[in-house]
Amino acid sequence: MLTNLRKESGPREVFCGLTSIVWLHRRMPDAFFLVVGSRTCAHLIQSAAGVMIFAEPRFGTAILSERDLAGLADAQEELDRVARDLLQRRPEIRTLFLVGSCPSEVIKLDLARAAERLNASLSGRVRVVNYSGSGIETTFTQGEDGALAALVPTLPARDEPQLLLVGTLAHAVEDRLITLFQRMGIETVRSFPPRLSTDCPPVGRGTRMLLCQPYLSDTSRQLQARGAELIRAPYPLGAEGSRLWMEAAARAWGIDEPIIHATLDPLSARARQALEPHRQRLQGKRIVLLPDSQLELPLARFLHRECGMELVEVGTPYLHRDLMEEELKLLPADTRVVEGQHVEQQLDRVRQAHPDLVVCGMGLANPLEAEGIATKWSIELVFSPIHGIDQAGDLAELFSRPLVRHGALAFA
Amino acid sequence: MDLTLWTYEGPPHVGAMRIAASMEGVHFVLHAPQGDTYADLLFTMIERRDRRPPVTYTTFQARDLSGDTAELVKRHVREAVDRFQPDALLVGESCTAELIQDQPGALAAGMGLELPVVSLELPAYSKKENWGAAETLYQLVRGLLQHQRPGPTDHDPCAWRQQERRPRVNLIGPSLLGFRCRDDVLEIRRLLEAHGIEVNAVVPLGARVTDVERLPLADANVCLVPEVAEPCCNWLERHFGQPFTRTVPIGIGATTDFLKELHSLLGLETPDPREAQRQSRLPWYAASVDSTYLTGKRVFIFGDGSHALAAARIAQQELGFRVVGLGTYSREMARPVRAAAKDLGLEALITDDYLSVEAAMADAAPELVLGTQMERHSAKRLGIPCAVISTPMHVQDVPARYAPQMGWEGANVIFDSWVHPLMMGLEEHLIGMFRHDFEFVDDQPSHLGHLGRADTAKPAGTDLDAAGSEPDPAANLNVELQWTRDGEAELKKIPFFVRGKVKRNTECFARQQGKHQIDSETLYDAKAHFST
Ligand code: SF4
Ligand code: SF4
């Protein structure tokens with residue numbers, strides 16, 4: 001299938017899983033994310049989120065000090081104290097995520113035990129779960145996978161038929177997708193994560209799920225272990241991918257083809273129209289996607305097939321073949337896919353190829369711009385409402401804008 | 001374990017990165033997991049730099065931990081040296097690597113590299129960013145200069161006279177992610193040039209290893225950014241006998257003192273103290289009648305040590321403000337800040353908890369806040385104008401225009417940027433003169449966003465003034481205060497933007513007098529009482 005896959009290892013330039021907190025806390029405003037880590041961890045989320053604008057953020061860091069490192073038993077007690085102080089200050093919190101970091105993992109601070117203990121002593125007032133967002137184990141978006149996987153055991157068991165959309169979506173996109181599924185005749189559509197952490201969907205043998213994001217391997221495995229069935233499809237990015245994704249669910253529900261067509265055809269036609277001006281700007285332009293958010297493969301598929309871009313290189317922090325199967329089928333067989341990273345060598349290749357556009361992390365963007373290469377921050381794609389057929393035009397616009405901008409500036 | 005929602009300073013290795021990234025030809029190998037690479041964006045996005053900081057992260061993963069992480073460190077060191085061919089190498093570790101104790105510095109030192117290797121110990125669980133920057137600069141300078149130590153007695157800061165050359169100094173401390181360092185260096189260079197003093201080397205901003213090696217050639221050092229430069233200046237004094245200046249030239253008085261101090265160190269004649277009046281607009285602008293309205297304006301100051309200290313002096317002596325709060329998050333600077341606060345009759349606030357800064361701010365009820373970007377947000381919530389005077393850096397603090405804080409031009413910039421958030425003097429006077437116009441006494445909404453939200457319509461005795469302020473602690477006393485109709489009518493005649501303060505003062509006065517009712521007479525009594 002893939003003829004041009006290579007693996008690379010070397011210095012990486014990717015956020016760790018803690019970064020996911022930045023969108024998860026917005027999705028579930030009744031949850032608090034307590035990172036158990038170092039000043040570095042605190043500084044990371046602060047910098048990645050650019051958060052100086054909040055009144056009371058729903059995340060914080062319990063910073064380990066020399067004293068905690070000296071006595072591990074005390075560290076558990078300290079954690080209890082910090083968690084209690086926090087919950088006293090923030091009585092509106094209903095779910096407390098204890099988030100592991102590199103330091104807490106290296107010193108083997110047992111957060112599962114801490115969560116259990118806190119759960120017992122808080123007796124149901126607040127639910128405490130734990131997961132790891134550490135940089136020695138997770139990259140960027142994998143943090144969401146960890147957080148959701150940690151919630152799965154708390155989901156009620158119910159076998160009623162339902163379609164479960166898994167992965168954080170923007171509210172408006174979520175509403176729209178649910179409307180469309182219902183229009184086709186899928187009545188019960190629920191989302192995970194929910195908009196309130198206390199409003200978790202049930203799961204059971206009637207559950208069939210669609211992944212909205214490709215980085216949810218643990219979550220999907222755990223949901224499957226609870227009886228849910230995974231509907232295989234490409235991811236809902238771009239008109240084509242979103243359509244295939246919706247069709248897969250509709251077929252799993254046994255919806256008649258004419259209904260599917262009647263519902264989706266007008267959307268596809270409109271999306272083509274919305275895409276057209278962007279396609280004209282993007283067509284034939286050469287793009288490199290550096291490994292970052294794990295959205296690289298679906299985006300590459302969209303940019304190539306719907307916007308006519310030439311894929312110079314598609315990086316991915318790791319390749320989950322199973323979850324990417326449907327995407328890989330849609331990519332040209334000789335697409336150069338690079339798993340892992342050696343950031344220096346990768347940048348050498350970028351300079352050599354001098355693509356028109358590079359999708360990359362925030363640390364790399366300005367240096368590339370300074371070399372005359374237009375860039376797009378990959379984190380923006382995690383934050384923007386880009387899922388679904390209706391968003392295809394907006395998604396394309398995110399890529400055409402940097403090119404338009406480059407064309408618009410003249411200083412001579 | 002401390003709960004932190006937001007922090008003024010990053011970890012110490014970010015301080016080390018600031019030194020490496022400020023210099024040319026210095027590379028830093030940082031033993032750290034992949035997530036720690038976020039630090040690049042501080043430079044490429046916040047500082048809007050056009051290149052990545054010269055840092056190679058080893059980005060070890062969990063699976064590496066069971067294997068040979070030492071080999072991993074060495075591989076990255078070798079690759080970094082081959083690729084970047086630096087003139088000097090810094091080697092250090094972040095918080096996670098500190099725990100696994102690979103000692104990358106020792107590993108690199110044992111590799112037989114043909115360049116200076118400086119091993120950094122940056123205790124991540126007890127120290128912070130500025131400390132890390134200061135320590136790194138000190139270790140680097142010491143590492144590069146150790147072999148040429150002549151002994152302190154040889155140094156004569158006035159030797160330039162016999163050698164028939166101009167005196168020369170080093171500027172030490174300016175770095176990336178330091179507040180306005182780029183422009184401060186230019187301004188201080190200009191200032192020194194005007195006094196016939198040459199700049200021998202600027203370290204670390206823009207310096208190469210050869211510049212560091214030239215440091216001993218200067219007659220004296222200028223400790224421009226004490227947070228970063230002090231250990232280095234101390235060491236240069238101890239081992240090369242180079243004296244250094246203690247005054248940070250921010251503000252008119254401090255710049256004048258700085259020039260005096262430097263001239264005396266170099267055996268030069270004391271410069272004309274009237275230079276300030278000729279070179280800067282601040283003294284005249286502050287003296288002009290339009291600035292009368294600044295008299296006694298209550299300001300709350302919080303920032304890094306040197307900017308907070310400088311701000312206090314400027315506010316009090318050069319703008320005629322009244323400082324009602326002074327504090328810093330730089331524990332290293334706690335002592336001088338405490339002393340300055342004491343001189344002002346205050347107790348210094350030494351903390352890195354922004355929430356307690358916000359609380360202190362609300363308590364002090366200032367009319368202007370001089371703080372960091374975080375205080376800007378807190379002040380906004382409290383409806384108080386604010387100017388930013390200090391790190392942590394925000395993209396707004398790296399302006400495209402020339403905007404130093406130091407020297408004569410720095411004083412001009414400070415005058416503008418502190419005074420503009422306040423209502424301008426002429427404007428305030430006009431409002432004062434016309435305050436009996438219905439426009440001001442009849443709860444007219446203002447186009448001034450934050451002031452427009454003032455509590456014009458709230459019933460008496462609830463809270464004090466502009467939106468969001470802390471409730472008046474005195475209001476919690478059991479004494480029920482009642483405004484009579486005539487009292488309230490009189491209160492309404494007072495312009496809305498000072499009404500809250502007048503109301504609070506009057507209530508406070510009424511309580512002291514044991515009154516339960518406030519009528520117009522009480523209001524006038526209170527006014528007389530507080531005017532003394
Ligand atoms: S990589 Fe590890 S130490 Fe660094 S911020 Fe992420 S969790 Fe914290
Ligand atoms: S309307 Fe605005 S600009 Fe005019 S005097 Fe009033 S505050 Fe000043």
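The values are calculated or read from the model by the stated rules, or taken from the named source; none is laboratory data. What you see is a predicted model; the values in this text were computed from it and never measured. Every residue, glycine as well, gets a Cβ built from its backbone with ideal geometry; the counts of neighbours run over all protein chains shown.
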Some residue of segment A:327-334 being within 14 Å of chain B (Cβ to nearest Cβ) and out of contact with any Leu (no Cβ under 8 Å at 6 or more places or on another chain): no
Qualifying residue in segment B:352-364 (condition: buried (at least 20 other Cβ atoms within 10 Å of the Cβ), free of Cβ contacts under 8 Å to residues at least 40 places away in the same chain and either more than 13 Å from chain A (Cβ to nearest Cβ) or assigned to a helix (DSSP H, G or I) (or both)): yes
Qualifying positions in segment A:366-383 - within 13 Å of chain B (Cβ to nearest Cβ), aliphatic (A, V, I, L, M) and not in a helix (DSSP H, G or I): A:ILE373
Residue, nearest to the other protein chains (Cβ to nearest Cβ), within segment B:57-86, restricted to residues that are free of Cβ contacts under 8 Å to residues at least 12 places away in the same chain and among the basic types (Lys, Arg): B:ARG83
Helices (runs of 4 or more DSSP H) fully within segment B:367-467 counting 3 or more residues that are away from ligand 2 (no atom under 16 Å from the Cβ) and either modelled with pLDDT of 95 or more or of a type in the set (D, E, K, R) (or both): B:373-382, B:407-419
B:SER119 being of a type in the set (Ser, Thr, Tyr), away from every other protein chain (no Cβ under 14 Å), in contact (Cβ under 8 Å) with a residue 24 or more places away in the chain and under 20 Å from B:GLU135 (Cβ atoms): yes
Residue within segment B:78-101 that is more than 22 Å from A:GLY133 (Cβ to Cβ) and modelled with pLDDT under 95 present: yes
Filtered residue count, segment A:90-145, keeping only those that are among the β-branched types (Val, Ile, Thr), closer than 29 Å to A:ASP292 by Cβ and within 26 Å of the chain's Cα centre (by Cα): 8
Segment A:313-360: number of residues that are in a loop (DSSP other than H, G, I, E, B) and touching a Ser or Thr at 6+ places or on another chain (Cβ under 8 Å): 6
Any chance A:GLU66 is at the interface with chain B (Cβ under 9 Å from one of its Cβ atoms) and surrounded by fewer than 23 Cβ atoms within 10 Å (Cβ to Cβ): yes
Matching option when the condition is under 27 Å from the mean Cα position of the chain (by Cα) and at the interface with another protein chain (Cβ under 10 Å from one of its Cβ atoms), among B:PRO54, B:PRO33, B:PRO11: B:PRO11
Elements of type helices (runs of 4 or more DSSP H) contained in segment B:193-267, each with 1 or more residues being touching a Cys at 6+ places or on another chain (Cβ under 8 Å): B:226-240
In segment A:193-240, the residues that are part of a strand (DSSP E or B) and within 13 Å of the chain's Cα centre (by Cα): A:LEU211, A:LEU237
Flag if A:VAL106 is within 9 Å of another protein chain (Cβ to nearest Cβ), within 16 Å of ligand 1 (Cβ to nearest atom) and over 25 Å from B:SER356 (Cα atoms): yes
Check on A:ILE21, away from chain B (no Cβ under 11 Å) and crowded, with 24+ Cβ neighbours inside 10 Å: yes
Residue satisfying all of: in segment B:36-48; assigned to a helix (DSSP H, G or I) and facing another protein chain (nearest Cβ under 7 Å); surrounded by the fewest Cβ atoms within 10 Å (Cβ to Cβ) among these: B:MET45
Sole residue being under 18 Å from B:ASN130 (Cα atoms) and surrounded by fewer than 24 Cβ atoms within 10 Å (Cβ to Cβ), chosen from B:TRP235, B:TRP160: B:TRP235
Residue that is more than 16 Å from ligand 1 (Cβ to nearest atom) and modelled with pLDDT of 95 or more, where the choices are A:LEU96, A:LEU122, A:LEU111, A:LEU86: A:LEU96
Unique match (being crowded, with 24+ Cβ neighbours inside 10 Å and more than 9 Å from chain A (Cβ to nearest Cβ)) among B:ALA133, B:ALA109: B:ALA133
Top-ranked residue of segment A:75-97 - restricted to ones that are buried (at least 23 other Cβ atoms within 10 Å of the Cβ) and more than 12 Å from chain B (Cβ to nearest Cβ), ranked as nearest to A:ASP145 (Cα to Cα): A:PHE97
Any chance B:ARG18 is closer than 26 Å to A:ILE63 by Cα, part of a helix (DSSP H, G or I) and more than 7 Å from chain A (Cβ to nearest Cβ): yes
Residue, farthest from the other protein chains (Cβ to nearest Cβ), within segment B:87-99, restricted to residues that are part of a helix (DSSP H, G or I) and hydrophobic (A, V, I, L, M, F, W, C): B:ALA97
Which listed residue, of A:GLY238, A:GLY185, A:GLY227, is of a type in the set (Gly, Ala, Ser) and surrounded by 17 or more Cβ atoms within 10 Å (Cβ to Cβ): A:GLY238
Qualifying residue in segment B:336-345 (condition: more than 18 Å from the chain's Cα centre (by Cα), of a type outside the set (Val, Ile, Thr) and more than 20 Å from B:GLY253 (Cα to Cα)): yes
Unique residue being surrounded by fewer than 24 Cβ atoms within 10 Å (Cβ to Cβ) and over 22 Å from B:LYS380 (Cβ atoms) when the list is B:ALA286, B:ALA312: B:ALA286
Residues located in segment A:1-46, provided they are farther than 26 Å from A:GLN346 by Cβ and basic (Lys, Arg): A:ARG26, A:ARG27, A:ARG39
Some residue of segment B:152-174 being of a type in the set (Gly, Ala, Ser) and assigned to a loop (DSSP other than H, G, I, E, B): yes
Qualifying residue in segment A:231-243 (condition: in contact with a Ser or Thr (Cβ under 7 Å, 6 or more places away or on another chain) and among the charged types (D, E, K, R)): yes
